[in-house]
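I have placed the structure first, in the form of structure tokens, so that the comments after it can refer back to it.
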Amino acid sequence: MDVIATTARFIEDKFASEGSGHDWAHIRRVWLMARRLAAAHPEADSTVTELAALLHDIADWKFHGGDYEAGPRAARAWLLSQQVPEATIARVETVIREVSFKGLGVATPVSSIEAALVQDADRLDAIGAIGIARAFAYGGHAGRPLHDPAIAPVAHDSFASYQKNTAPTLNHFYEKLFHLKDRLNTDGARVIARERHAFMEAYVARFLAEWDGED
Ligand code: ADP
Ligand code: NI
């Protein structure tokens, strides 16, 4: 088996029963979407793109005491165990470091086409019907209320304040999800985002109408 297939099996085993929205199904979708977006970008190194997509959530800071290096470190350990060349490992680590959203007021530039593809694929999985489900799954996992009209959304201008956030889940739509369509790197992702974004807007409008008993 090649290293991509072996890595997919390793991550599938590790994340089979994850319940906060970072499950194997999410990682698999990001992997497939990154490959789909890569079709329009033959300049991307497919090994780096696919390994980074598969390993991008291997040790998320949210579940590792806010340690932002836990992900790149765990990815490196795995790839070393598979005799992957150092140059490839270093490129995968950089993609993993760059992929995450860090707050509305925080820029998240990418330094390679491979990072652009994986970041877009991860962001597309945070919007639309799946994105809505993942937001409420994460909110439930973290013990957050669905909504509280008295708590206004915040445009976090530092990663630290975004990390500390404990607001109701509906605020997450205003603090992140509604902005993702304007924070994509590739034209292919922007096209896919349009419908997912519109669906999410319609969903939240209806949620708010039902919340007030108007619908
Ligand atoms: P990224 O992939 O950009 O790092 P995260 O790992 O932060 O994204 O988020 C994973 C999933 O959990 C996404 O669908 C995201 O929208 C959701 N999520 C993250 N933080 C919150 C939150 N505070 N409330 C609700 N959902 C959240
Ligand atoms: Ni992810």
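Values for this structure:
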| read-out | value |
| --- | --- |
| Residues (in contact with a Ser or Thr (Cβ under 8 Å, 6 or more places away or on another chain) and under 22 Å from Ala121 (Cα atoms)) located in region 134-183 | Ala135, Phe136, Ala137, Tyr138, Gly139, Arg183 |
| Residues of region 187-202 classified as open to solvent by less than 80 Å² (accessible area, probe 1.4 Å) and either within 20 Å of Ile151 (Cα to Cα) or not in a helix (DSSP H, G or I) (or both), total | 0 |
| Answer residue from region 162-186, given it is of a type in the set (Ser, Thr, Tyr) and at pLDDT below 95 and is most open to solvent (accessible area, probe 1.4 Å) among those | Thr166 |
| Looking only at region 1-30, and only at residues there that are small (Gly, Ala, Ser) and modelled with pLDDT under 90, the one that is surrounded by the most Cβ atoms within 10 Å (Cβ to Cβ) | Gly21 |
| From the options Ala129, Ala135, residue that is within 9 Å of ligand 1 (Cβ to nearest atom), part of a helix (DSSP H, G or I), over 17 Å from Leu54 (Cα atoms) and within 15 Å of the chain's Cα centre (by Cα) | Ala135 |
| Some residue of region 40-62 being assigned to a helix (DSSP H, G or I), of a type outside the set (Lys, Arg), surrounded by fewer than 22 Cβ atoms within 10 Å (Cβ to Cβ) and away from ligand 2 (no atom under 16 Å from the Cβ) | yes |
| Filter result for Leu184 (in contact (Cβ under 8 Å) with a residue 40 or more places away in the chain, under 26 Å from His41 (Cα atoms) and not in a helix (DSSP H, G or I)) | yes |
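The values are calculated or read from the model by the stated rules, or taken from the named source; none is laboratory data. The shown structure was predicted, so the numbers you read here are calculated from the model rather than taken from an experiment. No Cβ is skipped: glycine too gets one built from the backbone with ideal geometry, and neighbour counts run over all protein chains shown. Only protein heavy atoms, including side chains, enter the accessible area calculation; ligands, DNA and RNA are left aside. Shrake-Rupley method; radii C 1.70, N 1.55, O 1.52, S 1.80 Å.
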